[in-house]
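Each remark here refers to the structure printed beneath this line.
The values are calculated or read from the model by the stated rules, or taken from the named source; none is laboratory data. As the structure is a prediction and not an experimental result, all values here were calculated from the model. All Cβ positions, even for glycine, are placed from backbone atoms using ideal geometry, and neighbour counts span all protein chains on display.
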Amino acid sequence: MASTKDTEDSLMREEAHRVLTEYMTEHHLRKTPERYAVLNAVYSFDGLFDADQLYQQLESQFRVSRASIYTTLDLLARVGLVVRNQMPSKVYYERNVQGQLHFYKACTECGKLERFSNESMGRLIKEMPVRRFHPSMYALTVVGLCSHCLTNINRRKKRLDKKKALNAKAALAGKTASAKERGKERNKTDKS
């Protein structure tokens, strides 16, 4: 017997097929097997993925070019079946589930994008009036540093500060030694 999650995933996939087919019919786009293969692969991910991961998953099951993957992902984003997250170094995707809020933490150092949930923020966003506009989805990205990168940056900063302090100390010791030598030379000259 199929689990509830499998049944829900199957229904979501069927609905996504229907929505994509209607959109392609309405806009006179070709209904290629590659597009449906990409859609099926997208709906097999349970979270964030990038185009390379999608390509690797499809590579063993279906012959599709990277160009087809990118154009199909753009199409799925236009239709509203995929959420596209542009980061400075990478683009991440996620299947769009109606009514689901998408909250992300994005690290500017390593490029990692991670989902998180916040019920109070979710309630605020859902209750927020958006005038003269009907939202189909909400996404919020908090950009900053992940704890791993922050720790590494702080370590590098401490090492650099320590190195600067040692260099400053050495430079000061060098200046002091030079001043003493100049003082000795002056004393010799004054005595002559």
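Are any residues in region 14-39 surrounded by fewer than 16 Cβ atoms within 10 Å (Cβ to Cβ), in contact (Cβ under 8 Å) with a residue 24 or more places away in the chain and under 21 Å from Q98 (Cα atoms), and if so, which ones?
The answer is V19, and nothing else.
The conditions are (1) at pLDDT 80 or above; (2) in a helix (DSSP H, G or I); (3) of a type in the set (A, V, I, L, M, F, W, C); (4) over 19 Å from V97 (Cα atoms), and V143 fails exactly one of them. Which is it?
Going through the list (1) at pLDDT 80 or above; (2) in a helix (DSSP H, G or I); (3) of a type in the set (A, V, I, L, M, F, W, C); (4) over 19 Å from V97 (Cα atoms), V143 breaks only (2).
Check region 72-91 and report whether any residue there is within 20 Å of K112 (Cα to Cα) and acidic (D, E).
Among the residues of region 72-91, not one is within 20 Å of K112 (Cα to Cα) and acidic (D, E), which makes the answer no.
For region 144-171, name all the residues that are small (G, A, S), surrounded by 10 or more Cβ atoms within 10 Å (Cβ to Cβ) and free of Cβ contacts under 8 Å to residues at least 24 places away in the same chain. Lay out the reasoning, then the answer.
To start, the set of residues in region 144-171 that are small (G, A, S) comprises 144, 147, 165, 168, 170-171.
If we keep only those that are surrounded by 10 or more Cβ atoms within 10 Å (Cβ to Cβ) too, we end up with 144, 165, 168, 170-171.
Listed by number, the residues that qualify are A165, A168, A170, A171.
Can you pull out the strands (runs of 3 or more DSSP E) entirely within region 13-125 that have at least 1 residues that are under 27 Å from S147 (Cα atoms) and modelled with pLDDT under 85? Before the answer, list the steps.
Values: elements: 82-86, 91-95, 101-107, 113-116.
Qualifying strands (runs of 3 or more DSSP E): 82-86, 101-107, 113-116.
Any residue that is touching a residue at least 60 places away in the same chain (Cβ under 8 Å) and not acidic (D, E) - is there at least one of those in region 50-68?
Filtering region 50-68 down to residues touching a residue at least 60 places away in the same chain (Cβ under 8 Å) leaves none.
Scanning region 50-68 turns up no residue that is touching a residue at least 60 places away in the same chain (Cβ under 8 Å) and not acidic (D, E).
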